[in-house]
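One structure is given below, encoded as structure tokens.
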């Protein structure tokens, strides 16, 4: 009995350790299901997440409310350590840690002393990612957004 349990563990462990992060893939912002306070919302945002040598790499293609296109790439690990980032709320350091089976918390810190905390929740079916963002951006503007992304 013990031998079977150990054999099963040996067979399953590599799959558990090397399983791709559930955020890997392409995600498109559903503006209609999202809320932006204050607004206005962007026209679009597509986020592509890949996994490279233990790092998550996120590439964003955005179109602002005024029609200005921008893009950015960030690289981080889900380990609670700070990594440089640049995004919609500004440029600074960000830490990412897993806080539940399908949840993580992202803390963005800016040189201005302001922070934005984001709670990301992946739906049980893995098709929707909801990101709740609160705090003050790099410029001191309030952030209270709920963005819904759908897997493509």
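The values are calculated or read from the model by the stated rules, or taken from the named source; none is laboratory data. These figures come from a predicted structure and were not determined experimentally. In this analysis, Cβ positions are derived from the backbone assuming ideal geometry, glycine residues included, and neighbour counts consider all displayed protein chains.
Restricted to the range 67-79, and to residues that are more than 16 Å from the chain's Cα centre (by Cα) and not in a strand (DSSP E or B), which residue is surrounded by the most Cβ atoms within 10 Å (Cβ to Cβ)?
68
Looking at this structure, is residue 39 part of a loop (DSSP other than H, G, I, E, B) and modelled with pLDDT of 95 or more?
Spelling it out, it is not the case that residue 39 is part of a loop (DSSP other than H, G, I, E, B) and modelled with pLDDT of 95 or more.
Any residue at all in the range 47-66 that is in contact (Cβ under 8 Å) with a residue 60 or more places away in the chain, in a strand (DSSP E or B) and closer than 17 Å to residue 120 by Cα?
Quick first cut of the range 47-66, residues in contact (Cβ under 8 Å) with a residue 60 or more places away in the chain only: 47.
So of that shortlist, the ones also in a strand (DSSP E or B) come out as 47.
Remaining after also requiring closer than 17 Å to residue 120 by Cα: 47.
Yes, there is a match, as at least one residue in the range 47-66 is in contact (Cβ under 8 Å) with a residue 60 or more places away in the chain, in a strand (DSSP E or B) and closer than 17 Å to residue 120 by Cα.
Do we have any residue at all in the range 89-96 that's at pLDDT 95 or above, over 11 Å from the mean Cα position of the chain (by Cα) and surrounded by fewer than 18 Cβ atoms within 10 Å (Cβ to Cβ)?
Checked against the condition, which is being at pLDDT 95 or above, over 11 Å from the mean Cα position of the chain (by Cα) and surrounded by fewer than 18 Cβ atoms within 10 Å (Cβ to Cβ), the range 89-96 yields at least one hit.
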